[in-house]
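Derivation of every value follows stated rules applied to the coordinates shown; laboratory data play no part. Predicted model only: the values in this text are computed from it and were never measured. Using ideal geometry, Cβ is built from the backbone for each residue, glycine included, and neighbour counts are taken over all protein chains shown.
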Amino acid sequence: MQEEYQPSLIEKSVQEKWQLTGAFEVTEDTTKEKYYCLSMFPYPSGRLHMGHVRNYTIGDVVSRYQRMKGKNVMQPMGWDAFGLPAENAAMKHGVHPGGWTSDNIDYMRTQLKQLGFGYDWKREVATCNDDYYRWEQWFFTRLLEKDLVYKKTAPLNWCPDCNTVLANEQVIDGCCWRCDNEVEKREISQWFMRITNYADELLSSLKELEGWPEQVRTMQQNWIGRSEGVELSFDIEGSDSTLPVYTTRPDTLMGVTYVAVAAEHPLALQAAENNTDIAEFLDQCKTMETSEAAMETMEKKGIDSGLKAIHPLTGETVPIWIANFVLMHYGTGAVMSVPAHDQRDFEFANKYGLAIKQVIATDNPGEIDLTKQAYTGKGTLLNSAEFDGLDFQQAFDAIAESLSAKGKGKKTVNFRLRDWGISRQRYWGTPVSVIYCDDCGTVPVPDEQLPVILPKDVSLEGVGSPLARHEEFINTSCPTCGQQAKRETDTFDTFMESSWYFARYCCADNDQAMLDERANYWLPVDQYIGGIEHAILHLLYSRFYTKLLRDLGLVSCDEPFKNLLTQGMVLKDGTKMSKSKGNTVDPQGLIEKYGADTVRLFTMFAAPPEQSLEWSDSAVEGSFRFIRRLWRQVKEHVDGGLISGYTVDQLSSEDKVLRRQVHETLNKVNDDYGRRLTFNTAIAANMELLNSVSKFKAETDASRALLQEALESIVLMLSPIIPHVCDQMWQALGHQDPLIDVTWPEFDETALVLDEVQMVVQVNGKLRAKLMVAADASKESIEKLALSEDNVNKFIDGKPVRKVIIVPKRLVNIVI
């Protein structure tokens, strides 16, 4: 064993051994309990950041621990390689996104290996490879056959200067990221998946995800947004058409004083035909942002359409306003406005001088002041004709029944969730696998013609999608009739790739099928790890995809991830690490200076996984010092000669105290790794144990054997976190078997039972002596022993003892 801890030599040697033996390659084994541990795969941006390191270290610690527990553990890795950043980088640096992505993958793969993560690299996938996206295209054609995907027009971000559709992330403060000109909304045809068909199941099965954080389940529940309400319609004065709306508050229906419609609504477009002011307002609405955050804070604006709606119960007319806070793609594109009982409607009504009519009262009249704000709570109806005096539920039922009797409405369940728009008008993505034929219409690409290869000879210069300008790609023949036809030039949203990659890892080598029976062996993922920022869309789409795969007979599970851990951010100076903030820390430099084990130890010790980790240079140095100290302790023991084997009756009282701490620590760390996933407390417990070991005087063969057991236990307990140095220390402690094949050490409950315990003796609360007493000693015998101590008598100094307080197995306090 070398005198000094040299991480670069140790880590290189151990990693070469793992690679040579294929240590982490795994196959299906029905004789063992399987364990699938997965961290969210990275976008190949060029180099790892500390958020990556933390995420993947957590996954590796869990995987190594579960392997030590005798399970058949799979931990794969791959690359979420399509998407806008690569396309942007290619344009910026004048390179092809494929080459840029491939180079980044190579570099980041090397970094992951340097950190010692135990991945089965034979299962590696990259979503930009056609052997991956081929099956995504195949799956899409099956969904097309089942009418689970469809194409329709929808409002998208459009830059009129660049003549192209923009993703939400390409719109900055309402302007194009490239030319900085205003972006507008345009109705453009795109593909959708019918996720709303699964809304009920996606919501109801959340209760089965007991291993998910409650916060994440709540976020998904709110995003799906199931509500019970009433769908009703207003007639339009002077027209045969109707205006449908949905409300969860039918009890406020008698308080409607206007109706608001979206700028893209047919009624708005009709009103603009002969009114230049309205037409100008609609043009202004085309350039506004429609994200939830923007809608919440933007100024609410509107214009009177000049049209009137007829109240479905009273027959009274109310004005129809066009408002920028109503979105055409949400609900019916129209809302009934009740200013007295909705704050947004209240502010809009005050701004434009519209009527405010109270229809809800409470037992406390002072609770409602409509000169200041709307009252949005529930209560008893008033000013509501025959419904006066009813409470919320009574009014809900009665008004719904009245609307139904008049043919004007009905009770219904609605969802906030909308169908998933899956197509993008950009290059670096999976080509949508359909062909358009003038005679046959939309034709799915046949299996034998898959994959539809994304061409590499494209120009990223100019406007619009490069695929739309690629004549060789576009022009093809119809698979059905053989006539000249055109390919779809849209590519899939990158969420499509990341919504099933976890299943492909199970059978990544199958070139004949999307998935095979191995997926049913491994799925669901036993432990999934990733950032809270993916709590809604990625996780929701993955759950949806799994249910689609199930219904097509490709998997047997209902949910993709059994347990979920959402790790906190890595902060520096109180803010999230970011290149734009200039506060990033390059893990590569840390690896070269301190070694991978130090980086791993710091990220696991600095904070519990769910909490944010505050970067600290001194804490990194402290982690390095701890490893060196452990190394020196093992070296000192090895130099003194290895010895093993003892019986409990050979141990002294002091020996038994150490033995007890060893097994207490084993028991605690087992729980920290297996149930609690709190690795920082596991490390802290081992640090305390090492402190005791460093003070321990091994004066007999039995005590030296106990010391060997203590050091071996520390090495085994820390091996999931610092595997390289632990491998070397394990060998130095006399073991030939590879550390990664060693099982978790057994906890001996009998070690916690001591024949003797150490008690401190105080005089008037100040420590004056320590004594060993039998564990079952009586209070009388303990008091007698304490009073017989010379140092105790010295401080009593002949004074009368007023009382003796004994805390069993802990202390004696003599009060004089």
Given the C-alpha centroids of the range 137-158 and the range 1-62, what is the distance between them in whole angstrom?
39
Pick out, in residue order, every one of the GluC sites (Glu not before Pro) in the range 144-211 that is DSSP loop and has at most 12 other C-beta atoms within 10 Å; say none if there are none.
Glu210
Computed helical MRE - 222 nm, the chain, DSSP H runs ≥ 4 contributing -39500 (n - 2.57), nearest 500:
-11000 deg cm²/dmol
Mind jotting down a quarter of the surface of the convex hull over the alpha carbons of the chain, in square nanometres, one decimal?
47.7
With everything on Cα atoms, drop me the angle between helix 50-68 and the longest principal axis of the chain, reported from 0 to 90° to the nearest 10.
60
Can you sort Tyr150, Tyr352, Tyr258 by how many other beta carbons sit within 10 Å, fewest first?
Tyr150, Tyr352, Tyr258
Can you give the relative contact order of the chain as a percent, counting alpha carbon pairs under 8 Å and 6+ residues apart?
14
Which listed residue (Gln762, Met772, Ile782) has the Cα farthest towards the positive end of the charge dipole for the range 756-815, taking +1 on Lys and Arg C-beta and -1 on Asp and Glu C-beta about the Cα centre?
Gln762
Protection proxy (average C-beta count within 10 Å per residue), highest first, orders 320-330, 90-100 as 320-330, 90-100
All aspartates and glutamates inside 19 Å of Lys408 as judged from Cα atoms, apart from same-chain residues fewer than 8 positions distant
Glu228, Glu231, Asp235, Glu237, Asp240, Asp251, Glu316, Glu386, Asp397
Diffusion coefficient in µm²/s returned for the range 392-442 by Stokes-Einstein, Kirkwood Rh over C-alpha pairs, 37 °C and 0.692 mPa s, is 204
Test item: Cα-centred dipole of the range 617-751, Lys/Arg +1 and Asp/Glu -1 on Cβ, debye
420
Once a ≥ b ≥ c are taken as the square roots of the eigenvalues of the Cα gyration tensor of the range 298-407, is the result rounded (a/c under 1.5), prolate (a/b larger than b/c) or oblate (a/b not larger than b/c)?
oblate
Charge dipole magnitude, Cβ of K and R +1, D and E -1 - the chain, Cα centre, debye nearest 20
2300
Kindly write out, for the range 312-327 in residue order, the coupling ³J(HN,Hα) from the Karplus curve 6.51 cos²θ - 1.76 cosθ + 1.60 (θ = phi - 60°), rounded to whole Hz, with x marking Gly and Pro.
x, 10, 8, x, 6, 9, 10, x, 9, 9, 9, 10, 6, 8, 9, 9
Helix 276-285 sits at what angle to the longest principal axis of the chain, using alpha carbons and giving 0 to 90 degrees rounded to 10?
20
Which cross-chain or sequence-distant (5 or more) residues have an amide H under 5 Å from the amide H of Ala485, H modelled 1.01 Å from N in plane?
Thr476, Ser477, Cys478
Under Stokes-Einstein, the range 320-473 at 25 °C and 0.890 mPa s, with its Kirkwood radius over C-alpha pairs, diffuses with a coefficient in µm²/s of 115
Along the positive direction of the dipole of the range 617-751 (beta-carbon charges: Lys, Arg +1; Asp, Glu -1; about the Cα centre), which of Phe747, Val634, Val620 reaches farthest?
Val620
Using only the Cα atoms of the range 445-604, build the gyration tensor, take square roots of its eigenvalues as a ≥ b ≥ c, and label the shape rounded, prolate or oblate: rounded if a/c is under 1.5, else prolate if a/b is larger than b/c, else oblate.
oblate
Helix 653-671 against the longest principal axis of the chain: what's the angle in degrees, Cα atoms only, rounded to the nearest 10?
10
What aspartates and glutamates does Lys17 reach when the alpha-carbon gap must be under 15 Å and sequence neighbours fewer than 8 apart in one chain are set aside?
Glu25, Asp120, Asp727, Asp737, Asp741
Ranking Val715, Ser694, Leu651 by how far each Cα lies towards the positive end of the charge dipole of the range 617-751 (+1 on Lys and Arg Cβ, -1 on Asp and Glu Cβ), the top one is Ser694
Cα gyration tensor, the range 756-815 - rounded (a/c under 1.5), prolate or oblate:
prolate
Rounded to whole angstrom, the alpha-carbon centroid of the range 507-546 lies from that of the range 754-816 at a distance of 63
Using only Cα atoms, figure out Rg for the range 227-415 and give it as a multiple of 2.2 N^0.38 Å.
1.01
Ranked highest first by average number of other Cβ atoms within 10 Å, how do 551-558, 698-705 line up?
698-705, 551-558
What dipole magnitude, in Debye to the nearest 20, does the range 426-488 give about its Cα centre under +1 on Lys/Arg Cβ and -1 on Asp/Glu Cβ?
200
Give the lysines reachable from Lys635 as a straight Cα distance under 17 Å; neighbours fewer than 8 places away on the same chain don't count.
Lys695, Lys697
Take peptides 188-195, 801-808, 424-431 and line them up by average Cβ neighbours within 10 Å, highest first, as a rough protection proxy.
424-431, 188-195, 801-808
Output ³J(HN,Hα) for the range 768-778: one whole-Hz value per residue in order, computed from phi by the Karplus curve 6.51 cos²θ - 1.76 cosθ + 1.60 with θ = phi - 60°, and x for Gly and Pro.
10, 6, 10, 9, 9, 10, 4, 4, 9, 5, 6
Those GluC sites (Glu not before Pro) from the range 450-536 that are DSSP loop and have at most 16 other Cβ neighbours within 10 Å turn out to be Glu461
Over 22 Å between Cα atoms, which of Lys207/Lys576; Lys185/Lys300; Lys92/Lys581; Lys351/Lys411; Lys92/Lys456 qualify?
Lys207/Lys576; Lys351/Lys411
quick note, the chain, DSSP beta bridge pairs, % antiparallel (nearest 5) is 75
